[in-house]
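Reading through the structure tokens given below for one structure.
Read-outs: derived from the displayed coordinates by stated rules, not from any lab. Model, not experiment: these values are computed from the prediction. In this analysis, Cβ positions are derived from the backbone assuming ideal geometry, glycine residues included, and neighbour counts consider all displayed protein chains.
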Amino acid sequence: MTHSHTHAAGRRTGTTSRHGGRTAEPVPPQIPARRGPGGRRLLAALLLVGLLASVLPWWLGTPAGSLRTTAATVTAAGRITGLVAGYLLLVQVLMMSRLPVLERWIGGEQLGRWHRDVGATLLVAVLAHLSLILVGYADLRNHSVLAEVGTLLGDYEDMLSAFVATGIMMLVGFSSVRAIRRALPYELWHLLHRSSYLVLLLGFGHQFSHGAQLYKPGPVRTGWIALYLLVVAALLWGRVIAPLAFNLRHRLRVADVVAESPDTISIYLTGERLDRLEMLGGQHFRWRFLTRGCWWQSHPFSVSAAANGRWLRLTVKVVGAHTADLRDLDPGTRVWAQGPSGTFTAAHRLRDRALLIAGGSGITPIRAMLEELPPGAALIYRARTPADVLLSRELDWLAQARDTSIWYVIGSRDDPGPRQLMSPDGLLQLVPDMTHRDVYLCGPPGLVEQSVRALRRAGVPRRQIHLATFEL
Amino acid sequence: MRRAFLAITGLAASTTALVVLKGSPGTSQVAQDLPAAQPVSPTPQGVDPSAAPDAGPAGTTPKSSVSAGAPSSPKPSRSTARPSGTRTTAKAPTAPRTTTKAPQPTTRRVTGPGVDNEYGYVQVQIVVSGNRIVEAVALSLPSGGESDIHSGDVRDRYNGTGGEVVQKQSANLNTVSGATETSNSYKQSLRGAIEQAF
């Protein structure tokens, strides 16, 4: 390939004179104020306090020294894990409620990671609860564990549904183990995961008919029910009311579909009151295009231009059946959007300067963010061939208007040039003050992983590295 | 994934720690915690299901005397004090109740048959006014060790003027988790009492 060695095909540095730049921008985007980690820490602390509070009724209701037999001790451990599991289940659902406050303060990416970790803990807590209670009760009545299962299922109200809920939860948990998940079709996995709402429903009853701390009317029971109501309200708000309000307010429609490269398209959207759309460059929406073949699918795409009050644009690489259908969208097609979400924005920066690393179509959120970053940013754009470079005219213009240095690094991953450049030393040579910058990364997983490793080795603190990941 | 591992380890460790802390009766810290903690939690439980006027004195007075008198073994205070409390004051609630329900003269007490099970002896008494059960009292429930806790659960759930017996007006009660035998014996005695009464 002729261009395989043109790894640094061009460097365009913003000039100090602003006369060369285009001044077509109607409203110069402002640099958003920094959003500190305060909100995230507050929410994390609240969730932890809730965890302690959920075990407190057991602590207060159990007389000290009462756990003299093994059966009593095991049963008590079963009750504690039960309370913890009940609480964690609510936290799990809350984190996926898409509540605007959570999306704003914590961000979908971080929530996804928390959801994963809490999910694993929840599964262990539920299984511990089940087995400890079974062993404890069986010991108490001198039964075998199997006989105890029979007693619980036969004599206890709501226990059958609780067992079903446990089964569903195990299924959901195991299907989310990374290796298994990759082997499953996305739709099947998604359906399985959706069934966890059933866990919420089926597991509800037994907590109140048998939970030693919950069956008595009183503040504990009332509080627990209130927690459930709160989470359901959050779900309704985040998944139904907020999107409904957003779409009724903005009524987005496709205005035009433009080819950016042979396999990339830009979809321009217009709507009402877009000047009041609160969106940051780098954020994404979940889009649902309301045509016959597409309405049932919702996909996350970044917006590839900062909010300008007149139109929105998303730039999409055609990789699958759904994205191929998007090429044929007719102007006027209604669009249902859910968002904006994401913490991959200029507002979440920790430093004054930024280094952006984009791979292929990963340029789209970075292109939008460039308009809002303080001047002096640096962009490294990795692409396999010059034809894969997207939006280059806009990037050149931004380089001048926003005083941004841009390096186009073209070539295959294994070529010596790009390999050298993307190493810790290569990066430090390009951007000597890298360790004092925020680094924003968006691109294919291989590039992201490799870059994070290089950045960490070069001494960039982990919290200064921002990743755009849509995957849960 | 590393954080999930940490969280799971933390869950196991803290559950063990909680159980151990509660399980050791001798430690001074727990003994100090207990009197402060105890009035907080069980009293609201006592107030709600049982009759509001008599639950306060009946629930608190024997408890405080026992826990003050025997600090070395604070554990049985809650459960053993309760039955004696309800039993000794069993006559006390009748006085205010008959005065409040003065227009209805047909209030009677019916005691069910005693039922033995492997944990102890169960006997139930109901107070019937007209065609309604207005109160249920367990005259005897298994006691000692683990049974205290389960008997306490059974009593809290079924007994009183607002318990499940009064709500359901029958012996068709839900089994209390962890206390199947005692629940069944309770139901059996209650069934006998209902048959006698109606």
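Within chain A, helices built from complete DSSP H runs that reach 30 Å or longer along their own axis (Cα positions) and carry a mean Kyte-Doolittle hydropathy of -0.5 or higher are A:38-61, A:70-95, A:108-140.
For the pair A:Thr385 and A:Ala233, label points projected 7 Å from Cα toward Cβ lie 5.7 nm apart.
By the count of neighbouring beta-carbon atoms within 10 Å, fewest first, B:Phe198, A:Phe208 end up ordered B:Phe198, A:Phe208.
The alpha carbons of the range A:81-175 occupy a box of 53, 24, 20 Å along the principal axes, longest dimension given first. Using the Kirkwood radius built from alpha carbon pairs, what does the Stokes-Einstein equation give as D for the range A:25-129 at 37 °C and 0.692 mPa s, in µm² per second? Rounded, D is 202 µm²/s.
Rounded to the nearest 20 debye, the dipole magnitude of the range A:66-150 is 120 debye, with +1 charges on Lys and Arg beta carbons, -1 on Asp and Glu beta carbons, and the Cα centre as origin.
Can you give the log10 of the normalised intensity I(q)/I(0) at q = 0.12, 0.18 Å⁻¹, computed with Debye over equal Cα scatterers of the range A:250-341? For the range A:250-341 at q = 0.12, 0.18 Å⁻¹, log10 I(q)/I(0) is -0.32, -0.74.
As a ratio to 2.2 N^0.38 Å, the alpha-carbon radius of gyration computed for the range A:187-296 takes the value 1.63. Sorted from longest to shortest, the spans of the Cα atoms of the range A:38-245 along the three principal axes equal 55, 39, 26 Å.
Order of A:Lys317, A:Lys216 from fewest to most other C-beta atoms within 10 Å?
A:Lys317, A:Lys216
Just so you know, the Cα atoms of the range A:350-472 work out to an Rg and Dmax of 13.2, 36 Å. In summary, the convex hull built on the alpha carbon positions of the range A:260-403 has an orientation-averaged projected area of 8.7 nm². Computed from the C-beta positions of A:Asn142 and A:Arg462, the FRET efficiency with R₀ = 51 Å rounds to 0.40. What is the pair-distance distribution P(r) of chain A, computed from all Cα-Cα distances in 20 Å bins starting at 0, with each bin given as a whole percent? Bins of 20 Å from zero give 21, 47, 25, 7, 0 percent of pairs. Per residue, the convex hull spanned by the Cα atoms of the range A:412-472 amounts to 80 cubic angstrom.
Under the Kirkwood approximation for Rh and a Cα-based Rg, what ratio Rg/Rh is obtained for the range A:127-245? Show your work: numbers first, answer last.
On the way: Rg = 17.6 Å, Rh = 16.7 Å.
So for the range A:127-245, dividing Rg by the Kirkwood Rh gives 1.06.
For the range A:92-139, report the translational diffusion coefficient in µm²/s to the nearest whole number, using Stokes-Einstein at 10 °C, 1.306 mPa s, and a Kirkwood Rh over Cα pairs. D = 129 µm²/s.
Fewest-first ordering of A:Ile465, B:Ile133 by other beta carbons within 10 Å of each residue's beta carbon gives A:Ile465, B:Ile133. Rounded to the nearest 5, the antiparallel percentage of DSSP beta bridges internal to chain A is 60%. Using a Förster radius of 56 Å, what is the FRET efficiency between A:Arg34 and A:Phe163 based on their Cβ-Cβ separation? Nearest 0.05, please. Computed FRET efficiency for A:Arg34 and A:Phe163 comes out at 0.70. Label-to-label distance, B:Val20 versus A:Asp414, with points set 7 angstrom from Cα along the beta-carbon direction: 5.5 nm. For the range A:248-341, chymotrypsin sites (Phe, Trp or Tyr not before Pro) are listed when DSSP marks them as loop and at most 13 other Cβ atoms sit within 10 Å of their Cβ; the list is A:Trp295, A:Trp296.
Taking a quarter of the surface of the convex hull around the Cα atoms of the range A:114-160, what do you get in nm²?
The Cα convex hull of the range A:114-160, projected and averaged over all directions, gives 3.7 nm².
Rounded to two decimals, the Cα radius of gyration of the range A:230-288 over 2.2 N^0.38 Å is 1.42. Note on B:2-12: average number of Cβ atoms from other chains within 10 Å of each residue's Cβ is 5. Based solely on its DSSP helices, what 222 nm [θ] is calculated for chain A when runs of n ≥ 4 H residues each add -39,500 (n - 2.57) and the sum is averaged over all residues, nearest 500 deg cm²/dmol? So the helix-based figure for chain A works out to -15000 deg cm²/dmol. Ranking A:Gly203, A:Leu191, A:Gly362 by how far each Cα lies toward the positive end of the dipole of chain A (charges on Cβ) leaves A:Gly362 at the top.
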